[in-house]
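Student: First the structure, which I've put down as structure tokens, then a few questions once you've had a look.
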Amino acid sequence: MRRLLTRAALAVGLCAALSPDCLAVDFRSEVRPILSDRCYTCHGPDSGTRMSPLRLDTREGVFAEASNGRPVIVPGQPDSSELILRVAADDPARRMPPGAFGHAPLSQAEIETLRAWVREGAQWARHWAFEPIKRPAASSAPAGEWGRNPIDGFVLARMRAAGLEPSPMAERSKLLRRATLDLTGLPPTAAEVRSFLADPSPKAYEAAVDRLLASARFGERMAFRWLEAARYADTNGYQNDRERDMWRWRDWVIDAFNANMPFDRFTVEQLAGDLLPDPSLEDLIATGFNRNHRGNAENGTDPDEYQVEYAVDRLETTATVWLGLTVGCARCHDHKYDPISQREFYQFYAYFNNVSDRGRYYKYGNTPPIVRAPTPTQRESLRAMDGAIADLERRVGGHAEALRSGIRAADLAGADDWAFAEGLAVRRSFDAAGSEPAGVRGRAARLDGRRHFDLGNLADYDFYDPFTISAWVRADNQTGGIASRYLPKGPKGFGLFLVGGKVQLRVDTASISDRQRVESRNPLPIGRWVHVAGVYDGSRNTGGMRLYFDGRRVPTETLIDESLNSTKANAPLRIGHGPGPDDRFQGVLDDVRVYSRALAPDEIAVVAVRETPAEIAAMRRADRSAPQRDKLRRAYLELAAPESARSDWRRLRAALLEREAFLAELPTVMVMDERENPRPTHVLFRGSFDAPRERVEPGLFSALPSLPAGAPNNRMGLARWLTSDSHPLTARVTVNRFWQMLFGQGIVSTVEDFGSQGAAPTHPRLLDWLAAEFIEGGWDVKALMRLIATSATYRQSSAVTPELLERDPQNLLLARAPRLRLPAEAIRDQALAIAGLLSEGLGGPSVKPYQPGGLWKELSNWGAYKHDSGDRLYRRSLYTFWKRTLGPPAMLAFDAAPRETCVVREDRTNTPIQALNLMNDPTYNEAARLYAERMLREGGADDARRLAYGFLLATARGPAGREASILRESLSRYRDRFLTAPADADRVLSAGEAPRDPGLDTPELAAYATVASMLLNLDETITRE
Amino acid sequence: MTFDPGVALTRRQLFGSSATGLGIVALSDLLAEDLRPAPANTGLDGVPHFAPRAKRVIYLFQSGGPSQMDLFDAKPGLRELQGSELPDSVRGGQRLTGMTAAQSSFPVAPSKFEFARAGESGQEFGELIPHIASISDKIAVIRSMTTEQINHDPAITYLQTGHQLAGRPSLGSWLSYGLGSESSSLPSYVVMVSLGSTGQPLYSRLWGSGFLPTRYQAVKFRAGREPVLYLNDPDGFSRTDRRTYLDGLAALNRAHLEEFGDPEIENRIAQYEMAFRMQASVPELTDLSSEPDSVFEMYGEDARKPGTYASNCLLARRLVERGVRCVQLFHRGWDHHNNLPSNLAQRCAETDRASAALVKDLERRGLLEETLVVWGGEFGRTVYCQGELTRQNYGRDHHPRCFSIWLAGGGIRGGTTHGATDDFSYNVAADPVSVPDLHATILHLMGVDHKRLTFKYQGRHFRLTDVHGALVRPILA
């Protein structure tokens, strides 16, 4: 355990940096952890489980009397202190913690620590992480190679106190590779290595770091861990776990890191960008941070239950990322270890409980609140379209003005049937049938509940296709179908129906409850003509369904919103067929239309105008309604105006349709908002959604500072509070996480827990100095990364000597640089880069690289994973489509977080599954082939040069003599092998879709590719050292 | 998955060994002599906490919620109540799923299946599971399981991890973490999903390691050419090629180790050797051609088809024979909201024979005594009908209040029926068993005190059973 630097650590002299007096036991790093871990369950902050009035988490409690009247602690006299007597008691009945409840006794070392603490006066201090950050004076470190910046002074003092000396500086090539991998997640190119080695400037390394920080790759690298913290993924995370689109948020993160957005602003925008005055689209996109949580769409879930889970997830994620506190414990009861009451938990929760989202998320796509979030390029296109449309509208308007008086009924005499032609798939007006009754115009269809019209295989839409159904309806009965392509037994298909007097729009699947239905809140008037329209925009959720009566939108209720499977029905398009097997339409229908577009409200209004264009033209202008005027204008411009006007009109219509199609393809992103009527927040008994108790208002934790003056008591205030200069946690927690990124472990190793159960900092003064520096420097992330990466501490060699391994196996004192296996993303990205395959575009929709077949299908009802092709196979790994319940196996094998919940702790395991992955995944075998081609083409004239070049690409150095001979020997062995079996050579080279260089000899390439694979599998290659 | 190589290197081996001359030593031989781990990860010190009754567990997970009153929980009295309204007093205002909450009536749907007593113990089983009935005296049936979750995702997550939300380690991961592995060439926790079964989806978190290190997660075995992801070498690349490749790689790594001294490099070499061993042991394991015909008669002809439940049952036996600690099978498709009789019959036809054969086969080989077998789903089903009700056809909604599972093998008292439900198989009438109770009991049989198997994460000492769990003593032998 690296958590405690206890008495054992004292023995090797580690205490100096923790405590001014080496002989004293340090309460905060040594004593409180014991009390917290072993005593607080029953004698801590949780009032619900406190076993006696005794509290050991407060000064008052510790210096009070125990229940038997004896003092808990007598400073200086351990043998008179009840605390010591009880933990050290021989009698199990007296001993604390009580064995009867399954608690193990304290170890002898723990008892000795407590005893020494009491003997030395029992100094009490508040938990260190809640104390204000005080900038410590930077220790002086000897100038020169060591002592490049104040970090080194702190680190050196600490290791010297333990009798250690720093390691020599790393070799320059190693240092460049280390910094390049750490700051960009990619290896240096051969040219970068060469030019760095050739640069005589004493500031060459600093210049290289500046170059890396300025690279767009930096933002991608920084996003690796931020996406895990934010539980970012491309799916909803429950049950069938279908897709959502949050990549615009992901790109916002990359852009923000690249633009070096100050971390305080980075915080405010993500937590409360929607509450900024006049928020920009970027400000809104940023708030996707707290919509990245999972969303449940399972049939039968209780929305109220998941509403609670989402708010809790937002709270826990925010608390972990910014406060480094495990607040979640206080959901059901007061926190066992930290001063957070259950009531305070719900006060804090209230900040996150006022989003207008619903408890049940859509199975597909984004659940409101969402914003349409065009990329900068798309915004440019949109602006261009809007400009062209405005221009055309002006031109058309000019014609209309000029021709205002010129519209005559006679010009439109032939246009009685005028209708929107764009997207019109079907129209029936029944005028030909002689015996039919009078319709809205001409004849209409009378349906008697027995017959219907069968129109054959028309309008074959699936649930992602938009459509509009409209008709004039005079119903005689409460139930019956208007128009549909629908199998009532199933049910399956889509249609517009009358059910129990109300109008329903349905898009159904033959399954338990996979369907989408909305219903008009009010009944359709019976016995008179009403124009009815139902519009569906193909969004696969009822948010995209609208109903209109007589051209006006009517309020609807969502009956069910569970779309999962295809709704294609093996049925003809029918008019008058019922929603059930026997419920055929009774009444009269006229002018039934189906459009393969979602008509806009103004278009529906025009379709619902009963009068013909000629009739409108004949009316007095003042008598014309707005829709009538619109219909007349459109019909005129389309049919009767002079050619120049008609031409402009056609172009305008085409431009509008093009814009409509463009808008439909724009990405959206889920965002935060605030409900107008705040959702009341209650303390939930045992954390359960259906057990609300007292009502609470938004509020902070009493153990931490209060809201800054003038800050509103909402999410914005919360964000301002987190980023105020006097907050004790945000800066410490943040610099610690960045430190972990470069050193593999935090100064506080429990990066997620700065509370009383967390690890003590190994370098507390360094942590505070960095935090103070970060705040005073304006929360400048690149400056912080530069500071750390240019320290002598960072630049040491990572070689492990036997002495260091024995003295400090976990490298807590940093007398060497850490050797760290690369993150999952960097392992794959590096292989693609070495192979010359990496596609370097920034941002965009997530991509699907190679994945073994059948993985998705085995577990869920979502179709097969189909990998992309071309460049999309070779994007950086942070763009890989992430299905939450079944993440990319190669990423998970290398310890990427599953993205179901917030994870900030880095983890590195070493397993045979990793070995199998690197040896046999087509990703790496394809990369090995392309890498081999590079060796052959670019490496030089002979094997030695080619192998050395290959080695350089992977490790940024040349092979040592023995390494070179092992490589040569392997190459010649495989060359012989494949020369005698060229068919095997061909098969070995078959992985992946990238074309093979036809100019290269197959056995030769296979031999090189095998050596290339070895180089990709080398421990040094997948390690940053 | 537990693959700690357990390679105990001395300092001399690490730093003092001289270079092995030029390059390519047969590392496997070297490992065979002095470095190859005996059993790999040995688990935690002090675990097992006491003498285990079972060393291994096979959990046959029937995903979707099998209907207890059509299989295990006979309620003959319901026949007379066919179609009558479920009394409000029974339902007691219980939370329903969104799928039937709006239903206007809750008519009683008695099982259409016959029940019969079986074995000396006389336990009752429905007619769809005659083979399970035939091992009546070897199994303990718990009729009084209850869960807190009414929907699939949270319910199955709860059963697998002790918590309804994502993020906690699975039962098998806890066992791997606590007890370690007994095999040096196979993972300690293996999961298999019946191929082609459809129904409610599954998620990798169900066998994930949650906040435990990822090496404790299950390795999923798959039917077909490549039983473990990326197990197979590229086409055209022979075993000898791989051997020389690994020797060359190890020589390069070792050269670097001498210079850099990081023991993690040695660990990497050992992991690659483990991978090499798996490349041999897994295909050997999954190759059923050496099994005699009599075995296929037991498990059914389906067992010849890779990926079937029957085939996976047979593989489960082969895995525990080879020391794998925890094997879990998942069979989907027990979620019978409608057409229950025909769908249930189908699922039983796929699983009944092989489930029973597994128990018999383990017994025949003397493995049953130290292998715990568990059969069950994530919740039960309602007595009231969902959808159309006829004598011959009905559907049932999710039901968390009671369901039936069975256990057999190490430490289980066969022939025991534990717990009872009310006349409607709606509420537990006697001896409720919660999910943490079941977990505590499984751990207990494996020699683990569920209160003492903990992992500190986010400042808390987490355990599988959280703050709950009581042993189900009456089913223990």
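The values are calculated or read from the model by the stated rules, or taken from the named source; none is laboratory data. Note that the structure is predicted; figures quoted are calculated from it, not measured. Reconstructed Cβ throughout: ideal geometry from the backbone, glycine too, with neighbour counts over all protein chains shown.
Student: Can you tell me which residue among B:Arg325, B:Arg317, B:Arg254, B:Arg268 is within 14 Å of chain A (Cβ to nearest Cβ), of a type outside the set (Gly, Ala, Ser) and touching a Lys or Arg at 6+ places or on another chain (Cβ under 9 Å)?
Tutor: That would be B:Arg268, the only listed residue that is within 14 Å of chain A (Cβ to nearest Cβ), of a type outside the set (Gly, Ala, Ser) and touching a Lys or Arg at 6+ places or on another chain (Cβ under 9 Å).
One line per residue, one yes/no per condition, for (1) within 22 Å of A:Ser29 (Cβ to Cβ); (2) in a loop (DSSP other than H, G, I, E, B):
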residue	(1), (2)
A:Ala129	yes, no
A:Lys134	yes, yes
A:Ala137	yes, yes
A:Gly147	no, yes
A:Gly153	yes, no
A:Leu156	yes, no
A:Arg160	yes, no
A:Gly163	yes, yes
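Student: Something else about it: Give the residues of the range A:821-856 that are touching a Gly at 6+ places or on another chain (Cβ under 7 Å) and either surrounded by fewer than 23 Cβ atoms within 10 Å (Cβ to Cβ) or of a type in the set (D, E, K, R) (or both), sorted by residue number.
Tutor: A:Glu825, A:Asp829, listed by residue number.
Student: If you don't mind, there's one more thing I want to ask. Can you tell me which condition A:Tyr337 does not meet? The list is (1) within 14 Å of chain B (Cβ to nearest Cβ); (2) hydroxyl-bearing (Ser, Thr, Tyr); (3) under 20 Å from A:Ala297 (Cβ atoms), and all the others hold.
Tutor: (3)
Student: Right, another one. Could you tell me whether any residue of the range A:995-1004 is closer than 20 Å to A:Leu918 by Cα and within 12 Å of another protein chain (Cβ to nearest Cβ)?
Tutor: Kept after step one, since they are closer than 20 Å to A:Leu918 by Cα, are these residues of the range A:995-1004: none.
There is no residue in the range A:995-1004 that is closer than 20 Å to A:Leu918 by Cα and within 12 Å of another protein chain (Cβ to nearest Cβ).
Student: If I ask for residues that are out of contact with any Phe, Trp or Tyr (no Cβ under 7 Å at 6 or more places or on another chain) and either surrounded by fewer than 16 Cβ atoms within 10 Å (Cβ to Cβ) or under 30 Å from A:Arg765 (Cα atoms) (or both), which ones from the range A:714-726 would you list? Let's see the steps before the verdict.
Tutor: Taking the range A:714-726 as the starting set, the residues that turn out to be out of contact with any Phe, Trp or Tyr (no Cβ under 7 Å at 6 or more places or on another chain) are A:716-717, A:719-721, A:723-726.
Listed by number, the residues that qualify are A:Gly717, A:Ala719, A:Arg720, A:Trp721, A:Thr723, A:Ser724, A:Asp725, A:Ser726.
Student: Looking only at the range A:208-242, how many residues end up being in contact with a strand residue (DSSP E or B) (Cβ under 8 Å, 6 or more places away or on another chain) and more than 14 Å from chain B (Cβ to nearest Cβ)?
Tutor: Residues meeting the conditions: 1.
Student: Is it the case, given these coordinates, that A:Glu603 is closer than 23 Å to A:Val440 by Cα, touching a residue at least 40 places away in the same chain (Cβ under 8 Å), touching a Phe, Trp or Tyr at 6+ places or on another chain (Cβ under 7 Å) and part of a helix (DSSP H, G or I)?
Tutor: yes
Student: Going by the structure shown, is A:Lys883 surrounded by 21 or more Cβ atoms within 10 Å (Cβ to Cβ), under 30 Å from B:Trp207 (Cα atoms) and modelled with pLDDT of 95 or more?
Tutor: yes
Student: Here's something else I'd like to know. Any residue in the range A:132-152 that is of a type outside the set (A, V, I, L, M, F, W, C) sitting within a Cβ distance under 6 Å of a residue that is surrounded by fewer than 19 Cβ atoms within 10 Å (Cβ to Cβ) and part of a loop (DSSP other than H, G, I, E, B)? List the pairs, counting only those 6 or more apart or interchain.
Tutor: Final answer for the pair search is A:Pro150/A:Ala138.
Student: List every residue pair whose Cβ atoms lie under 7 Å apart, where the two residues are 6 or more positions apart in sequence or sit on different chains, the first residue falls within the range A:659-673 and is part of a loop (DSSP other than H, G, I, E, B), and the second residue, located anywhere, is of a type in the set (D, E, K, R).
Tutor: Partner pairs satisfying both residue conditions: A:Leu666/A:Arg372; A:Pro667/A:Asp245; A:Pro667/A:Arg248; A:Val671/A:Asp274; A:Val671/A:Arg291; A:Met672/A:Asp274; A:Met672/A:Arg291; A:Asp673/A:Asp274.
Student: Mind checking which residues of the range A:429-474 are in a strand (DSSP E or B), modelled with pLDDT under 95 and aliphatic (A, V, I, L, M)?
Tutor: A:Ala438, A:Ala445, A:Leu447
Student: Moving to a separate point now. Exactly one condition in (1) farther than 21 Å from A:Asn925 by Cβ; (2) more than 9 Å from chain B (Cβ to nearest Cβ); (3) more than 21 Å from the chain's Cα centre (by Cα); (4) surrounded by fewer than 22 Cβ atoms within 10 Å (Cβ to Cβ) is not met by A:Asn861; state its number.
Tutor: It fails just one condition, (2).
Student: Would you check if there is a residue in the range A:381-394 being under 30 Å from A:Met672 (Cβ atoms), among the aliphatic types (A, V, I, L, M) and out of contact with any Gly (no Cβ under 8 Å at 6 or more places or on another chain)?
Tutor: Yes.
Student: Let me ask something else. Residue by residue through the range A:332-350, note down the ones that are over 18 Å from A:Phe689 (Cβ atoms) and of a type outside the set (Val, Ile, Thr).
Tutor: A:Asp334, A:His335, A:Lys336, A:Tyr337, A:Asp338, A:Pro339, A:Ser341, A:Glu344
Student: Right, here's the next one. Tell me the residue from B:Leu367, B:Leu407 that is under 21 Å from B:Pro52 (Cα atoms) and in contact with an Asp or Glu (Cβ under 9 Å, 6 or more places away or on another chain), please.
Tutor: B:Leu367
Student: Please determine, by comparing only the residues of the range B:455-475 that are of a type in the set (Lys, Arg) and crowded, with 16+ Cβ neighbours inside 10 Å, which one is nearest to A:Gly758 (Cα to Cα).
Tutor: B:Arg460
Student: Mind checking which residues of the range B:233-251 are more than 7 Å from every other protein chain (Cβ to nearest Cβ) and under 24 Å from A:Thr909 (Cβ atoms)?
Tutor: Within the range B:233-251, B:Arg242, B:Leu246, B:Ala250 meet the criteria.
Student: Also, I was wondering about something else. Taking interchain pairs and intrachain pairs at least six residues apart, which have beta carbon atoms under 9 angstrom, with the first residue in the range B:328-353 and within 12 Å of another protein chain (Cβ to nearest Cβ) and the second among the charged types (D, E, K, R) and in a loop (DSSP other than H, G, I, E, B)?
Tutor: B:Asn338/B:Glu388
Student: In this structure, does A:Glu316 turn out to be assigned to a helix (DSSP H, G or I), in contact (Cβ under 8 Å) with a residue 12 or more places away in the chain and away from every other protein chain (no Cβ under 14 Å)?
Tutor: no
Student: Something else now. With of a type in the set (Lys, Arg) and either out of contact with any helix residue (DSSP H, G or I) (no Cβ under 9 Å at 6 or more places or on another chain) or part of a strand (DSSP E or B) (or both) as the only criterion, which of B:Arg225, B:Arg168, B:Arg205 stands out?
Tutor: Only one candidate qualifies: B:Arg225.
Student: Write out, first by first residue and then by second, each pair whose Cβ atoms fall under 8 Å of each other, whose residues are 6+ apart or on separate chains, and whose first residue, in the range B:442-461, is away from chain A (no Cβ under 12 Å) while the second is acidic (Asp, Glu).
Tutor: B:Leu443/B:Asp449
Student: While we're here: Please determine, by comparing only the residues of the range B:419-454 that are surrounded by 21 or more Cβ atoms within 10 Å (Cβ to Cβ) and assigned to a strand (DSSP E or B), which one is farthest from the chain's Cα centre (by Cα).
Tutor: So the residue we want is B:Thr421.
Student: Would you mention how many residues in the range A:129-170 are touching a Pro at 6+ places or on another chain (Cβ under 7 Å) and closer than 30 Å to A:Pro78 by Cα?
Tutor: Adding up the residues that qualify gives 3.
Student: Filter the range A:648-700 down to the residues that are within 23 Å of A:Ala373 (Cα to Cα) and among the small types (Gly, Ala, Ser), then identify the one that is farthest from the chain's Cα centre (by Cα).
Tutor: Among residues in the range A:648-700 that are within 23 Å of A:Ala373 (Cα to Cα) and among the small types (Gly, Ala, Ser), the one farthest from the chain's Cα centre (by Cα) is A:Ala655.
Student: Can you tell me which residue in the range A:522-574 is farthest from A:Ile604 (Cα to Cα), limited to those that are outside any strand (DSSP E or B) and among the hydroxyl-bearing types (Ser, Thr, Tyr)?
Tutor: A:Ser566
Student: Mind checking which residues of the range A:789-799 are β-branched (Val, Ile, Thr) and in a helix (DSSP H, G or I)?
Tutor: If the condition is that a residue be β-branched (Val, Ile, Thr) and in a helix (DSSP H, G or I), then A:Thr793 is the only one that fits.
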